[in-house]
1. Please work out the FRET efficiency for the pair Leu57 and Ser16, using the Cβ-Cβ distance as r and a Förster radius of 35 Å; give the result to the nearest 0.05.
2. Between Ala6 and Tyr42, 0.36 nm times their residue separation minus their Cα-Cα distance comes to what?
3. Using the Karplus curve 6.51 cos²θ - 1.76 cosθ + 1.60 with θ = phi - 60°, work out ³J(HN,Hα) for each residue of the stretch 7-18 in order, rounded to whole Hz, and write x for Gly and Pro.
4. If you line up the Cα atoms of the chain on their principal axes, what length do they span on each, largest first, in Å?
5. Treating only the Cβ atoms of Lys and Arg (+1) and Asp and Glu (-1) as charged, compute the dipole magnitude of the stretch 1-61 about its Cα centre; round to the nearest 20 debye.
Amino acid sequence: MSELPASYKEFLADKSEMFVNTVKPVLQQSAADGLHGVRVVYNPGSTGHQAHLDETLPFGVVLEDID
């Protein structure tokens, strides 16, 4: 498994365990590919946060957005 870049580690630093458990697998996938950044979307209601690779973002960038 690839090491997470510093920007991803900094992004996760002050987040809750539940948030980290939701987002980290996608950050790890991004680090393994080394091609694209990650968009983290907040969905109101019970679904909460979701993350996905975003080919419009450069590798190492995490963007939080509202769905």
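1. On the way: r = 23 Å, r/R0 = 0.66.
My answer for the efficiency is 0.90.
2. Working: separation 36, 0.36 × 36 = 12.96 nm, distance 2.28 nm.
Gain on stretching Ala6 to Tyr42: 10.7 nm.
3. Working through the residues one at a time gives 5, 6, 4, 5, 4, 7, 3, 10, 8, 5, 4, 5 Hz.
4. Here the Cα extents, ordered largest to smallest, are 32, 25, 17 Å.
5. On the way: 4 positive and 7 negative charges, 23 e Å.
For this selection, approximately 120 debye.
Bear in mind these aren't lab numbers, they're just calculated from the coordinates by the rules spelled out. Just so it is clear, the structure is predicted and the values come from calculations on it, not from any experiment. With ideal geometry, Cβ positions are generated from the backbone for all residues, glycine too; neighbour counts draw on all protein chains shown.
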